[in-house]
Amino acid sequence: MTKNLLEQLREMTVVVADTGDIQAIEKFTPRDATTNPSLITAAAQMPQYQEIVDETLKQAKKDAGAGASTSQILSLAFDRLAIAFGKKILKIIPGRVSTEVDARLSYDTEGTIAKARYLISEYQSAGIAKERILIKIASTWEGIRAAEVLEKEGIHCNLTLLFGLHQAIACAEAGVTLISPFVGRILDWYKKETGKTSYAPAEDPGVLSVTQIYNYYKKFGYKTEVMGASFRNIDEITELAGCDLLTISPALLAELQADTGDLPRQLDPALAVKSEMEKISIDKATFDKMHEADRMAYEKLDEGIKGFTKALETLEKLLADRLARLEGAATLSHAAEDIFHVYDLDGDGFITREEWLGSDAVFDALDVNKDGKITAEEMSAGIGAVLQLATSK
């Protein structure tokens with residue numbers, strides 16, 4: 001039987017699912033999975049994951065303590081939610097999951113280190129070995145320095161928002177486990193800059209960038225893995241067949257699975273060794289100079305950090321709204337219980353028409369099953385309906 005492109009790709013490249021959707025991961029069975037605030041935000045809004053979100057919020061509120069502010073609860077809830085999705089994903093995949101450090105810490109080395117240690121400790125408290133976690137950090141100079149410290153502690157890192165060779169070299173020299181150069185975002189920048197609407201697959205700027213990084217790593221013997229990310233089409237993926245890893249969205253995984261064409265290997269360590277490249281040593285001054293000279297990398301890194309920050313703020317707003325509803329539901333439940341006990345004069349767990357002091361019309365509305373008695377559940381549901389009607393006007 002002819003193999004589809006996805007099956008052929010898996011023979012030379014580790015396929016990673018770029019999603020927080022657990023059902024999609026179950027469908028495509030990747031070895032690894034990677035998430036970010038945008039993906040967690042999308043997953044958190046899906047009905048099938050509302051229970052995870054609600055339970056995470058309730059526990060975060062409880063653990064934060066009575067005097068905790070909403071922002072403290074939300075910060076804790078975000079970390080817990082990322083870990084909750086990570087734990088569920090790890091039950092499905094055999095490999096690793098990437099969990100991202102708050103993008104607002106991208107230029108804070110010590111803050112990034114502290115957050116990474118906390119995330120790992122939370123996973124370990126759930127019985128998950130740190131070898132199965134990749135801490136995802138933006139490829140700023142400060143982020144790379146944080147990763148260098150973490151790697152020495154045995155905490156493995158995935159350096160993201162990587163657009164330039166200087167970032168890649170700095171990561172490799174820091175002993176980072178894995179980098180995620182962003183193919184599609186590089187293409188986006190060049191299309192906007194040049195006005196071109198498309199590039200031939202082999203000339204795609206994102207493809208060329210990852211190819212250069214891959215060849216550099218293999219030529220000079222770096223152990224850091226290259227994982228192409230942020231794809232816009234399957235041509236970008238097939239042009240990077242043979243890369244160490246590729247993280248791919250469910251939609252593009254489905255396209256690869258549906259195509260039965262031939263997939264030749266494009267990236268090969270043996271060919272990389274023969275490439276004509278000179279080794280570059282990176283210190284902060286060199287990094288800064290190369291970063292400023294690479295306008296695409298400079299702009300896309302800044303844009304990416306702002307984008308991840310916005311996604312995180314969106315998720316925090318979503319969680320804040322959800323928390324308010326949960327707290328409102330709890331308040332409503334207590335109010336209904338208090339009212340119920342006022343009318344349940346004999347304490348038998350029912351309010352009869354004789355005990356009810358209000359109008360017959362209200363009694364009839366609350367008596368949902370029309371058995372002549374109002375239960376505590378019917379009272380709670382009735383008050384909730386009234387509140388919903390009032391707030392919708």
Residues of region 91-149 being basic (K, R) and farther than 21 Å from V226 by Cβ, which ones? K91, R104, K115, R117, K130
In region 246-269, what count of residues is obtained for those that are under 15 Å from Q212 (Cα atoms), open to solvent by less than 60 Å² (accessible area, probe 1.4 Å) and not charged (D, E, K, R)? 2
If you go through region 90-99 one residue at a time, how many are outside any helix (DSSP H, G or I) and either among the acidic types (D, E) or surrounded by 18 or more Cβ atoms within 10 Å (Cβ to Cβ) (or both)? 5
Kindly establish whether D21 is within 14 Å of the chain's Cα centre (by Cα), of a type in the set (D, E) and open to solvent by 20 Å² or more (accessible area, probe 1.4 Å). yes
Just wondering, is there one or more residues in region 113-135 that are within 21 Å of S38 (Cβ to Cβ), open to solvent by less than 30 Å² (accessible area, probe 1.4 Å), of a type outside the set (A, V, I, L, M) and at pLDDT 95 or above? no
Determine, yes or no, whether E316 is open to solvent by 70 Å² or more (accessible area, probe 1.4 Å) and of a type in the set (D, E). no
Does S281 satisfy the condition of being open to solvent by 30 Å² or more (accessible area, probe 1.4 Å) and among the hydroxyl-bearing types (S, T, Y)? yes
Against the condition open to solvent by less than 60 Å² (accessible area, probe 1.4 Å) and in a loop (DSSP other than H, G, I, E, B), how does F231 come out, does it pass? yes
Unique match (being in contact with a Gly (Cβ under 7 Å, 6 or more places away or on another chain) and of a type in the set (A, V, I, L, M)) among L178, L187: L187
Region 31-51 residues that are free of Cβ contacts under 8 Å to residues at least 40 places away in the same chain and under 17 Å from I137 (Cβ atoms), paired with ones that are open to solvent by less than 40 Å² (accessible area, probe 1.4 Å) and among the charged types (D, E, K, R) (beta carbon under 9 Å, 6 or more apart): L39/D18; L39/D21
Is it true that E193 is in contact with a helix residue (DSSP H, G or I) (Cβ under 6 Å, 6 or more places away or on another chain), among the acidic types (D, E) and open to solvent by 40 Å² or more (accessible area, probe 1.4 Å)? no
Scan region 152-185 residue by residue and report those that are open to solvent by 30 Å² or more (accessible area, probe 1.4 Å) and either in contact with a Pro (Cβ under 8 Å, 6 or more places away or on another chain) or under 15 Å from V101 (Cα atoms) (or both). H156
Quick test of your reading of the structure: S230 fulfils all but one of (1) under 28 Å from the mean Cα position of the chain (by Cα); (2) modelled with pLDDT of 95 or more; (3) within 24 Å of L161 (Cβ to Cβ). Name the failing condition by number. (2)
Test set (1) more than 18 Å from S180 (Cβ to Cβ); (2) among the aliphatic types (A, V, I, L, M); (3) touching a Ser or Thr at 6+ places or on another chain (Cβ under 9 Å) - L57 fails condition number: (3)
Considering residues of region 362-377 that are under 47 Å from the mean Cα position of the chain (by Cα) and open to solvent by 70 Å² or more (accessible area, probe 1.4 Å) only, the residue nearest to F350 (Cα to Cα): E377
Quick check, is R10 touching a strand residue (DSSP E or B) at 6+ places or on another chain (Cβ under 6 Å) and open to solvent by 10 Å² or more (accessible area, probe 1.4 Å)? no
Looking at the structure I just gave you, is K289 at pLDDT 90 or above, open to solvent by 50 Å² or more (accessible area, probe 1.4 Å) and assigned to a helix (DSSP H, G or I)? yes
Please determine whether any residue of region 105-127 is in contact (Cβ under 8 Å) with a residue 60 or more places away in the chain, under 23 Å from V16 (Cβ atoms) and aliphatic (A, V, I, L, M). no
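The values are calculated or read from the model by the stated rules, or taken from the named source; none is laboratory data. Note that the structure is a prediction, hence the values are computed from the model and not measured. Using ideal geometry, Cβ is built from the backbone for each residue, glycine included, and neighbour counts are taken over all protein chains shown. Accessible surface areas use protein heavy atoms only, side chains included; no ligands, DNA or RNA. Shrake-Rupley method; radii C 1.70, N 1.55, O 1.52, S 1.80 Å.
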